[in-house]
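Report on the following structure.
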Amino acid sequence: MSIIDDRVAPALGLAAHLGRGMRRIGTDAAIGRLRRTPRTVADLDAAALARLIGRPVASVEVIDGDAGTSSRARLTLTGDDVPASVFVKMAAETVATRLMGELGNLADTETRFYRQLAPELTGVPTSYGSAFDPWTGRFVLVLEDLADPCAPPCEFPDTLHPIDPDRAALVVELLAQLHRTFWGRLPQAADTGPLGWVYSASADSASLLTAPLLRTSAQRMAQRTELPLERGRFINEHYRALAALVDRGPHTVMHGDAHPGNVYFRAGRAGLLDWQAVRRGHPSRELAYTLVTSMTAADRQSTQRELLEVYRRALSAGGGPELDRDDLWDRYRQAALYPYVAALITAGMGGMQAEDIALKGVDRSLAALADLETVALLRKSL
């Protein structure tokens, strides 16, 4: 492929992404209410829930809800053999947020995950039913209510309440289970076979937006923090080439966004939420993203090599490959690029996380770039 083709093809793909999103949003505005897929939480009456979960529902009541990249609510149900409460996810409320979701293909990805991949996994909320409308982009996921007071209690960490090394070991064992389950099952060519819809982050045409977002975010952050942002300048300037380097094979299915806000613990086991960013990639990317975002820098530095060994053993013991120890370590160091990119854009652009959480994420990712000597290794490898 020529240099011109290498630039034009992603740009055309990005335009197609945007065009599809705008068409869906326009179709929804014109005829969305005539479609069967519920559009808001208020539309989730007993008849709608019965269609979604395939069981007779007598009544529905909203417990609580909030909005972000999707609209979310907890509902109580009565009926014939229905769960007492459920958690639902639906399309975001604002057009701008929905368009962002379209760029990441979030709705289609998560509904496909629960229908196609989740039945083979543990550590995943139970899905009672789902719907996705390809014409409007509207979707509904009806999931297990992990906050149900009558169920075994779940604990939910977050960036300000990081996980300790013992719990980090539970998470990497869960990631090993995910990775080994789909190892060797991804097609060589995109968009082919039953798992052709799972693509790598660097191959997504929407990644054309990442480099300018990085530079803008760095400029904004420099104006309001004293964090050592210069550590990531090389990544900001060469993102696409570096992302392609980190995303080289072999690939498996990844959660794609396993930060502490998407982790839970129940009955001594780890679980993962929010499967809207499922991607294909090398395990090192998922491991670096998870450990850097989920642990204090001190805990990560003192235990990360041991945690990679926990992962290697769990991966091979369950039928996955036995990854080379030194190669996994070097690729893990390179892959610290990803938590830096995600944290910087989240904090710099704003609106996705509370300021204190976003800044802590940037602080941890910058620490990892330094102690893992990520930039130096990327320079050498490029």
Karplus-derived 3J(HN,Hα) from phi for segment 327-332 (6.51 cos²θ - 1.76 cosθ + 1.60, θ = phi - 60°), whole Hz, x at Gly and Pro, runs 5, 5, 5, 5, 5, 4
Under the Karplus relation with 6.51, -1.76 and 1.60 and θ = phi - 60°, whole-Hz ³J(HN,Hα) for segment 365-372, x at Gly and Pro, equal 5, 5, 4, 5, 4, 6, 6, 8
Length gained if Met349 through Gln188 is fully extended, taking 0.36 nm per residue and subtracting the Cα-Cα distance, is 54.5 nm
The relative contact order of segment 165-381, taking Cα pairs under 8 Å that sit 6 or more residues apart, comes to a percentage of 28 percent
Per the rule of 0.36 nm per residue minus the C-alpha distance, extending Asp324 to Arg55 adds in nm 92.0 nm
Taking a crude spin-label model, label points 7 Å out from Cα along the C-beta direction, the Cys154 to Glu93 distance in nm is 2.2 nm
Mean Cβ-within-10 Å packing, highest first, puts peptides 203-215, 167-179 in the order 167-179, 203-215
Whole-Hz Karplus couplings 3J(HN,Hα) for segment 36-44, θ = phi - 60° and coefficients 6.51, -1.76, 1.60, Gly and Pro as x, run 7, 5, x, 9, 9, 4, 4, 7, 7
D (µm²/s, integer) via Stokes-Einstein for the chain, Kirkwood Rh across alpha-carbon pairs, 25 °C, 0.890 mPa s: value 113 µm²/s
Counting all Cα-Cα pairs in segment 35-192, those more than 23 Å apart amount in percent to 47 percent
The alpha-carbon center of segment 274-336 and that of segment 212-231 are separated, in whole Å, by 27 Å
Val62 and Ile31 label points (each 7 Å along its Cα→Cβ direction) are spaced in nm at 2.8 nm
The chain: relative contact order from alpha carbon pairs under 8 Å, six or more residues apart, as a whole percent, is 17 percent
Expected sort for 185-198, 321-334 on mean C-beta neighbours within 10 Å, highest first, is 321-334, 185-198
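Only the coordinates and a few stated rules stand behind these numbers; no lab work does. Source: prediction; values computed, not measured. With ideal geometry, Cβ positions are generated from the backbone for all residues, glycine too; neighbour counts draw on all protein chains shown.
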